[in-house]
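Below is one structure, written out as structure tokens, with a few remarks after it.
The values are calculated or read from the model by the stated rules, or taken from the named source; none is laboratory data. Please read all numbers here as calculations on a predicted model, not as lab measurements. In this analysis, Cβ positions are derived from the backbone assuming ideal geometry, glycine residues included, and neighbour counts consider all displayed protein chains.
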Amino acid sequence: MFVKTETETTRHADHLHELEARNLNVYYGKTLAVRDFNLSFRPNSITAMIGPSGSGKSTVLRSLNRMHEVVKDAYITGEVLLNGQNIYNSEADPVRVRRRIGMVFQKPNPFPMMSIFDNVIAGFKLNYGKPKGISYEEIVEQSLRAVALWDEVKDKLKDSGAALSGGQQQRLCIARTIAVQPDVILMDEPCSALDPISTLKIEELMRELRRRYTIVLVTHNMQQAIRVSDITAVLMPTDRVGELVEVAPTDEIFNDPKDNRTADYVSGRIG
Ligand SMILES: Nc1ncnc2c1ncn2[C@@H]1O[C@H](COP(=O)(O)OP(=O)(O)OP(=O)(O)O)[C@@H](O)[C@H]1O
Ligand SMILES: [Mg+2]
């Protein structure tokens, strides 16, 4: 979006920000939570992950940018490839991985002691320090414009981020995520704490962001999956271990599912 090095510009131009999980098994200590998850997340698309509570959606999502390993004794086996490189390689730096694969959480979590301005730029400063050829002000404006929040906050950038409405806070958190120029954005039920109007705004934003990013969206809201996603992946627990049971274009999952468990779930018979 801004201050791109040549290679990064090329990378985006080639649409190579591709994410793939291969033979992923996810553990909490001795407990296996997700078994043999294989999925290639298509670039410039929104992949929704749906499934009953406890089916491992958040667990998978957190393994996709190494947030999972922050939990004590938690680990994975298998691979997660970003542009063909395993993010779990011994040389891979988890901080850099999380910069390239950003995450937005269920509850908007702006830094409460920071201004709106500082919230947007916080991750950028931490990762890059002082930018060349562009000011912090420009980065903040571009990021806030990208999430359609600029007009609402441009006159109060020094106010606390916590003083915004829930929907505005969530857009602020998305601005903070995209300010560090990720390739992939992971979202875990980003609208579940929001009212319907704010939800529609975030959905509109997701569709806009899809042009530049690979997006993975965990949602309980099937209408939301239908409205915004291109591909839907369905997870189900078998003996309390989550598994991917079906993945297909979203309209196929909802209109012509191949797996009986998917059919039951999307028609509201389970979950
Ligand atoms: N920090 C943790 N420590 C141990 N087990 C965990 C932890 N977080 C999740 N689990 C377990 O992993 C399994 C999958 O949980 P996860 O939170 O990924 O499900 P989910 O599909 O996101 O559910 P929900 O729809 O309720 O958010 C569950 O059995 C859960 O108890
Ligand atoms: Mg969850």
Practice prompt. Please verify whether segment 12-28 includes one or more residues that are surrounded by 16 or more Cβ atoms within 10 Å (Cβ to Cβ), of a type in the set (F, W, Y), in contact (Cβ under 8 Å) with a residue 60 or more places away in the chain and under 24 Å from Q106 (Cβ atoms).
Written response: no
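So that you can scan it fast, the table gives a plain yes or no per residue for (1) at pLDDT below 55; (2) in contact with a His (Cβ under 9 Å, 6 or more places away or on another chain); (3) over 19 Å from L186 (Cα atoms):
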| site | (1), (2), (3) |
| --- | --- |
| F2 | no, no, yes |
| T9 | yes, no, yes |
| A13 | yes, no, yes |
| H17 | no, no, no |
| N23 | no, no, yes |
| G29 | no, no, yes |
| F37 | no, no, no |
Worksheet item: Residues of segment 98-127 being in a helix (DSSP H, G or I), surrounded by fewer than 17 Cβ atoms within 10 Å (Cβ to Cβ) and either in contact (Cβ under 8 Å) with a residue 12 or more places away in the chain or among the polar types (S, T, N, Q) (or both), which ones?
Response: N127
Worksheet item: T199 passes all but one of (1) touching a Phe, Trp or Tyr at 6+ places or on another chain (Cβ under 8 Å); (2) away from ligand 1 (no atom under 14 Å from the Cβ); which number fails?
Response: (1)
Practice prompt. Would you point out which residue out of R240, R210 is among the basic types (K, R) and within 13 Å of ligand 1 (Cβ to nearest atom)?
Written response: R240
Fill in: Check on R207, more than 16 Å from ligand 2 (Cβ to nearest atom), closer than 19 Å to I50 by Cβ, touching a residue at least 24 places away in the same chain (Cβ under 8 Å) and surrounded by fewer than 19 Cβ atoms within 10 Å (Cβ to Cβ)
yes
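Table: residues versus (1) within 16 Å of ligand 2 (Cβ to nearest atom); (2) closer than 23 Å to D251 by Cα.
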position	(1), (2)
D36	no, no
S40	no, yes
G51	yes, yes
K57	yes, yes
L64	yes, no
K72	no, no
I76	no, no
N86	no, no
D93	no, no
Worksheet item: Based on what the data block shows, is D230 acidic (D, E) and within 17 Å of the chain's Cα centre (by Cα)?
Response: yes
Worksheet item: Residue check, K72 against (1) touching a Pro at 6+ places or on another chain (Cβ under 8 Å); (2) without any contact (Cβ under 8 Å) to a residue 60 or more places away in the chain; (3) basic (K, R), all met but one. Which one?
Response: (1)
Practice prompt. Just name the residue that is nearest to V218 (Cα to Cα) out of those in segment 59-72 that are within 10 Å of ligand 1 (Cβ to nearest atom) and surrounded by 20 or more Cβ atoms within 10 Å (Cβ to Cβ).
Written response: L61
